[in-house]
Structure formats: C-alpha cells, structure tokens
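Student: Here it is: the structure, laid out below.
The numbers here are math on the coordinates, done by the rules we state, and not lab data. Keep in mind that what you see is a predicted model, and the values were worked out from it rather than measured. When we count neighbours, we look across all protein chains shown, and the Cβ atoms used for this are built from the backbone with ideal geometry, even at glycine.
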Amino acid sequence: MRSRTSVIAAVAGALVVLSGCSSDGDEPAGLDATDDASPTEEVEQADDGEEAGAAEDEAMLEELFADFWDAVVAAENGPEVDYELFEGIATDEVIEERLARAREWEELGVHREGEPIIENVTVTVEGDEARIEACRDESEWLVIADGEPVDIETTGLTPNVFTAERDGDGWLINGRLDSSEATITCE
C-alpha cells in the first residue's frame, strides 16, 4: 500500500512533467493555472499536515487528561458518585474502577477535599494508541474521615502513566500503568 506522501509526490511530479511539455506558453484549456510547487514542497506540505494532526491529537489528549482528573476529583470529593462524570472521557472498565474506589470510600465515610496538582503532562501518540504521563502531587488533596483531615504521608510529585485509545474522532482513557513504567521524572 502506498503512503499518502508517495502518492502526493507522484502527482506533483506528473504535474511538473506536464507543465514542461509545452514549448510555446499557450497551454491547453485547464492547464494554464497549474501549480508551480515542486514535489519537495508538496511533501513538506504533507508532512506539515501530519504534524498538525499529531499536534491536534496531543492537544485533545491533554484536554482529555484534564477532564479525567476533574471527574476523578468530583467523584472522590463527593458527595455524588456518578457514572456520567466519566462518560466520554474513559472506557467502561476505567469508569467502573474509579467509581468502585469512590463508592468504597463513601461507604467508609471517607471523602477528599481540594484537588491534586497535575503538571508536566507529556503525551505520546502512536497511531490509535496514546500514552499520557504527568507528575501528580496529592499534598493539597486531603483525605477527610469523620469530618477531620487524615494525616497521610505524601510523597510530593510522583509520576503517573495512563493509556488512551482513539474512539471515533476522539480519545478515551483506557488504562493506567505502574509508575515504574514512566519515562518522565518528577521533582
């Protein structure tokens, strides 16, 4: 199967050959407005289009990741644990995992206040799969039990790794990897 770039280069090459065939300046109807772009320019434009698509995917995934954490915070801060918080953001499996954790905390009379600090978000896209890494600090995201903050030792910024899959025109968070698999460093 030919790549899009090679097809564009072949078409551009054919246009260059056709435009060089006439010696007198009088072009047949429809050929007098041919593009003077070289095949190299066409390939560069195709590469720019692919880069724009990758940049668009990365921006979508960064926004998705922010939306995911907004949903996690809403679920764990309570009082409502709702499937709709994650709808269009994560796969059913991830949603069930997150809701199970929030429901367990709710049954124990525990919830959270505040929100984590998320920074250094790094996105890698390979086809229809993506990896999102970020540094997370939960020191400002308090665990509350019986109306009082629970003294929990926090570790500061720690790496978090999530995966995502393309879903139609968008993306869904579809898993979490162990922090030991992170390629970023959090300081």
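Student: Could you tally the net charge around residue 120, taking each other residue with its Cβ under 12 Å from the Cβ of residue 120, Lys/Arg +1 and Asp/Glu -1?
Tutor: Net charge around residue 120: -4.
Student: Continuing with the same structure: Can you list the HN-Hα couplings for the stretch 119-130, worked out from phi with the Karplus curve (6.51, -1.76, 1.60; θ = phi - 60°), rounded to whole Hz and with x for Gly and Pro?
Tutor: Each residue's phi maps through the Karplus curve to give 8, 6, 6, 10, 10, 10, 10, 10, x, 9, 10, 9 Hz.
Student: If you wrap the stretch 38-181's Cα atoms in a convex hull and average its projection over all directions, what's the area in nm²?
Tutor: 10.0 nm²
Student: Could you order peptides 121-133, 142-154, 99-111 by the average number of other Cβ atoms within 10 Å of their residues, highest first?
Tutor: The most tightly packed comes first, giving 121-133, 99-111, 142-154.
Student: Using the Karplus curve 6.51 cos²θ - 1.76 cosθ + 1.60 with θ = phi - 60°, what ³J(HN,Hα) values do you get for each residue of the stretch 75-91, in whole Hz, with x for Gly and Pro?
Tutor: After applying 6.51 cos²θ - 1.76 cosθ + 1.60, I find 5, 7, 7, x, x, 9, 10, 10, 4, 4, 4, 9, 4, x, 10, 9, 6 Hz.
Student: Let me ask something additional. For the stretch 144-160, what does the Karplus curve 6.51 cos²θ - 1.76 cosθ + 1.60, with θ = phi - 60°, yield as ³J(HN,Hα) per residue in whole Hz, taken in order and with x for Gly and Pro?
Tutor: Per-residue couplings from phi come out as 10, 10, 6, x, 10, x, 8, 6, 10, 6, 9, 9, x, 5, 10, x, 10 Hz.
Student: What number do you get for the stretch 85-150 when its Cα radius of gyration is normalised by 2.2 N^0.38 Å, N = residues?
Tutor: 1.40
Student: Net charge around residue 93, counting only other residues with Cβ within less than 12 Å of its Cβ (Lys, Arg = +1; Asp, Glu = -1)?
Tutor: Neighbourhood net charge equals -2.
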